[in-house]
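Okay, so here's the structure we're looking at.
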Amino acid sequence: MEQKVRLLNPIGEVRVKREKLAARSRDLSRRIGGFLDNSKYNANFFLERLAKGLSEKFKLEQVVWEAKPRTTAPAPTPVLDRLSQACAFVVTAFGD
């Protein structure tokens, strides 16, 4: 009796989408910096230290904090909108 074997190709199709990066500022002095905590364990410690260091180095005008409600979900659109409208730059991080 003849048996047939079905072979599957595990290699997926790779699609590369080129995106233009946002304009970068050469100087962060007296700017508003945003920090997005993704709610993972220890992410806040990293972001707090980074915010303090950047604030001291560049004399940031203000630091804006936001946090994702859950680590497994994307940041809500209103959170991203607030950060993008208020801040010259935004830093996000993960912990563990």
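What follows draws every value from the coordinates through simple rules; no lab data is involved. As the structure is a prediction and not an experimental result, all values here were calculated from the model. Cβ coordinates were reconstructed from backbone atoms using ideal geometry, including for glycine residues, and neighbour counts include every protein chain displayed.
Could you count how many residues in segment 35-59 are touching a Phe, Trp or Tyr at 6+ places or on another chain (Cβ under 7 Å) and of a type in the set (Gly, Ala, Ser)? Residues meeting the conditions: 2. Checking LEU28, LEU60, LEU36, LEU21 one by one, the residue that is surrounded by fewer than 10 Cβ atoms within 10 Å (Cβ to Cβ) and either out of contact with any strand residue (DSSP E or B) (no Cβ under 6 Å at 6 or more places or on another chain) or of a type in the set (A, V, I, L, M, F, W, C) (or both) is LEU21 and no other.
Of all residues in segment 1-58, those being closer than 28 Å to ARG70 by Cβ, over 16 Å from the mean Cα position of the chain (by Cα) and in contact (Cβ under 8 Å) with a residue 40 or more places away in the chain number 1. Out of LEU50, LEU54, I need the residue that is surrounded by fewer than 16 Cβ atoms within 10 Å (Cβ to Cβ), assigned to a helix (DSSP H, G or I) and not small (Gly, Ala, Ser). Which one? Step by step, each of LEU50, LEU54 is checked, and only LEU50 is surrounded by fewer than 16 Cβ atoms within 10 Å (Cβ to Cβ), assigned to a helix (DSSP H, G or I) and not small (Gly, Ala, Ser). So, THR92, is that one without any contact (Cβ under 8 Å) to a residue 60 or more places away in the chain and in contact with a Phe, Trp or Tyr (Cβ under 8 Å, 6 or more places away or on another chain) or not? When the stated conditions are applied, THR92 passes them.
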